[in-house]
Every structure is written in C-alpha cells, then in structure tokens.
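Participant: Handing you this structure, nothing more for now.
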Amino acid sequence: MTKSVTLRRPDDWHLHLRDGAMLQAVASFSGHFGRAIIMPNLVPPVVTGAQAAAYRDRIRAALAPEMTLRPLMTLYLTETTDPADVLAAHAQGIISAVKLYPAGATTNSASGVRDFDKVRGVLEAMAQAGIPLCFHGEVTDPAVDIFDREAAFIDRVLDPIRRATPGLRVVMEHITTSDGVDYVAGNDDIGATITTHHLVINRNHILAGGIRPHYYCLPVAKRETHRLALRRAATSGNARFFLGTDSAPHPDRAKESACGCAGCFTAPNTMSILAQVFEEEGALDRLEGFTSLHGAAFYRMEPNEDRIRLVRREIPAAYPTHIPAGDETVTVFDPGFPLYWHLEDPA
C-alpha cells in the first residue's frame, strides 16, 4: 500500500557547501530545503561580515532559480574576532549564528579557539544580542580518547562557558552520544543538531571487516548504544533536537587516502533516509517537528509555509552513488539499506 507524508519544507541547520567547483557541484542537492545554516570553515575561513556576505552571494549564484534554499550564514570564531563586527553582521541580517571550532577538532579548524578566555568578550556580546553560538562539541586534548571527546567537552568547555555567560544561546552540533542527549534535554537555552548518518551508522560500520573511509566522520560514530540514544532523541518530539545534516563533501581522492578526510555527503538522500528511520521507530508523525519546526523555533524564525511530500513506494528511490565535482568525484552516503521513501514535488 502506498503511504505518503506531507511536511512543511524542511531546514538543514548544519550544512557544508564548500566553495569553487565543489560548491557548484553540491549546492543543488540541498536545493529542496527551505533554509540552511552554512558552515564557515573554508580556506581561508569566513571570519568577517563582509566575507560572509560574499560567500552568501556565491552560494546564491550556484543555485538554480527554482530552488528554495536560503543560505543562513555564520562566522568562524577566532581569538581575534571583533565583537562589533559580529553584532553589525547580525544586525544587518548577514549572519544568523557564530561557529566555534576548538582548534584542530575537524576539517579546516586550525584557526579555531585554543584559549576560551580570549573569546569571552565576543560571547558576552552575543548573549546580550541573542546571537546563537554553534559548537563543534569535542575537546582536542590528545590524552582524551577520540570516543570520549564529546563527553569531555561537555564537562570541560561547554558547561563552564554556559555558566560564565548567562543567556548565551547554544547549539551543540552533531551530537553523537547519550551524554550529549542527556545534557541538552536537561538544560535551558540549548539545542542540538543530529545528523542523518549518525542515526544510521555506529563505529563498527567504519572499522569492522575493513576500513570504510566514506563512513568516517567527525565527531566519529560511537557505540551502538549511543546511536540508539540519538534515534530516541530525534524521534521523541523534544523540540531541543533538530536536523543538521552536517553533509560534508570531500573528493574521493581525499577520502580514500593514507590520512582520509572526515565527512559524509548525505544531502542527496537525507530526507528518504530520515523517513525510513522515523517509520522504523513508529514516529512518522514527528518527522515534521525534527526536520521543519524545532530548528526554526530555536533560531526564532517562522516555519516554512510551503510543503514537500514523501511517498513510500515498492520500488526503491534511485540516488546517484557518485557525483562529479570539477575533475573529482564525490561519493554519496550509502545507508546500507534500500530507500523506499521518494521525495516528490510539493503537495
């Protein structure tokens, strides 16, 4: 029997679009979203309002006219970020948030923060202005095991900063552990994005039976118990949890190397995967909240007015396994199961 679900148009609250030839290749695959928080970790990073505005214009130029995506820009927080520039960029509608990368935590994060005291002034100004701070939630202390870095981040960095900066609105991005779920569920002025791929894979997918570089991401996928905690959070209806795909394209050459890049390119098939996950959890009625309502509410924006439709058919939906990007190819995330939910034109 054919089933269908109609949703307000979804938003992606954590998206990498890159730049240059890669931007031209991948932007259209997120074109069915209404809005997306765009990550600023280019080379060089997007650190000023003027750079964010220029990057926004390049993204708009890469999208076909009929595509709905509205890029919501962010600034890359550094130890020399000017609070006045942050406030001006936000007041002018150029940025919607600021991104904090602990230095060395992930792709292109070398310019991130090492001494959190040096950004205290910026954080205090953001708290007063109501500007959200998006955290890559891992410590980079080499003494901390990579599978424990999210939990250590909560104790060492996130909770102390929130206590020292009352009113700061925080998004703990791409949470991967039950520790992250519990912390967000138990606190105010905080939300969390959950990626598509972390609802599907655990660390065995990366390492068991051979190394599979296209499942390697940061934060790295954790134990199965953590994956199940994420699925419960995403499908719970709790408005503190919302979709941020962290779709992160890399050339296959860079993924399949002696020191492979972290990231899963999920933009093409995210909505089909999510419909399948929510169906399995008996929570299709909560898919709209996770993809279309909760994030908008946290960012104090109205939900999108138009709709999309997902239809479950007997024949699996067809998605590309690879896409060309200039002289390179990019592998599309493979969830490991057929996708029977088809994304169709707005209802």
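The values are calculated or read from the model by the stated rules, or taken from the named source; none is laboratory data. It should be emphasised that the depicted structure is a prediction, and the values quoted were computed from it without experimental measurement. Note: ideal-geometry Cβ built from the backbone for every residue, glycine included; neighbour counts use all protein chains shown. Side chains are part of the model used for accessible areas, which takes the heavy atoms of the whole protein and leaves out ligands, DNA and RNA. Shrake-Rupley method; radii C 1.70, N 1.55, O 1.52, S 1.80 Å.
Participant: Which number in (1) outside any loop (DSSP other than H, G, I, E, B); (2) open to solvent by 40 Å² or more (accessible area, probe 1.4 Å); (3) over 30 Å from Gly20 (Cα atoms) marks the one condition that His214 misses?
Facilitator: With (1) outside any loop (DSSP other than H, G, I, E, B); (2) open to solvent by 40 Å² or more (accessible area, probe 1.4 Å); (3) over 30 Å from Gly20 (Cα atoms) applied to His214, the lone miss is (3).
Participant: Moving on to the next point. Can you tell me which residues in the range 172-184 are closer than 15 Å to Gly295 by Cα and aliphatic (A, V, I, L, M)?
Facilitator: The initial filter retains those residues of the range 172-184 that are closer than 15 Å to Gly295 by Cα, namely 172-175, 184.
The answer is Met172, Ile175, Val184.
Participant: Determine whether the range 309-326 contains at least one residue that is touching a Phe, Trp or Tyr at 6+ places or on another chain (Cβ under 6 Å) and part of a strand (DSSP E or B).
Facilitator: yes
Participant: Take the residues of the range 1-37 that are part of a loop (DSSP other than H, G, I, E, B) and among the charged types (D, E, K, R): which is surrounded by the fewest Cβ atoms within 10 Å (Cβ to Cβ)?
Facilitator: Of the residues in the range 1-37, the ones part of a loop (DSSP other than H, G, I, E, B) are 1-2, 9-11, 16-19, 31-34.
Okay, now just the ones that are also among the charged types (D, E, K, R), so 9, 11, 18-19.
On the way: Arg9: 19, Asp11: 27, Arg18: 22, Asp19: 14.
Taking the candidates together, the pick is Asp19.
Participant: Got a number for residues in the range 295-318 being of a type in the set (Asp, Glu) and open to solvent by less than 90 Å² (accessible area, probe 1.4 Å)? Please lay out each step first, then the result.
Facilitator: Applying the first criterion (of a type in the set (Asp, Glu)) to the range 295-318 yields 302, 305-306, 314.
The next check asks that each one be open to solvent by less than 90 Å² (accessible area, probe 1.4 Å); those that pass are 306.
Total meeting the criteria: 1.
Let's see how each residue does on (1) in a strand (DSSP E or B); (2) open to solvent by less than 40 Å² (accessible area, probe 1.4 Å); (3) β-branched (Val, Ile, Thr):
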site	(1), (2), (3)
Gly210	no, yes, no
Val220	no, yes, yes
Ala258	no, no, no
Met271	no, yes, no
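Participant: Still on this structure, please answer the following. Can you name the number of the only condition in (1) open to solvent by 50 Å² or more (accessible area, probe 1.4 Å); (2) among the small types (Gly, Ala, Ser); (3) in contact (Cβ under 8 Å) with a residue 40 or more places away in the chain that Ser178 fails?
Facilitator: Of (1) open to solvent by 50 Å² or more (accessible area, probe 1.4 Å); (2) among the small types (Gly, Ala, Ser); (3) in contact (Cβ under 8 Å) with a residue 40 or more places away in the chain, only one is false for Ser178: (1).
Participant: If I filter the range 161-175 for residues that are in a loop (DSSP other than H, G, I, E, B) and more than 27 Å from Glu124 (Cβ to Cβ), do I get at least one hit? Explain how you work it out, then say what you get.
Facilitator: Narrowing the range 161-175 to residues in a loop (DSSP other than H, G, I, E, B): 165-169, 174-175.
Those left that are additionally more than 27 Å from Glu124 (Cβ to Cβ): none.
No.
Participant: One residue is enough: does the range 284-299 have a residue meeting the conditions over 15 Å from the mean Cα position of the chain (by Cα), assigned to a loop (DSSP other than H, G, I, E, B) and not charged (D, E, K, R)?
Facilitator: The first filter runs over the range 284-299 and keeps only residues over 15 Å from the mean Cα position of the chain (by Cα), leaving 284-289, 293, 297.
Pick out the ones that are also assigned to a loop (DSSP other than H, G, I, E, B) and you get none.
No.
Participant: To continue, here is another question. Can you pull out every residue in the range 232-256 that is within 17 Å of the chain's Cα centre (by Cα) and surrounded by fewer than 19 Cβ atoms within 10 Å (Cβ to Cβ)?
Facilitator: Within the range 232-256, just Ala239 meets the criteria.
Participant: Just need a number here: residues in the range 330-347 that are modelled with pLDDT under 95 and either assigned to a loop (DSSP other than H, G, I, E, B) or among the aromatic types (Phe, Trp, Tyr) (or both).
Facilitator: 3
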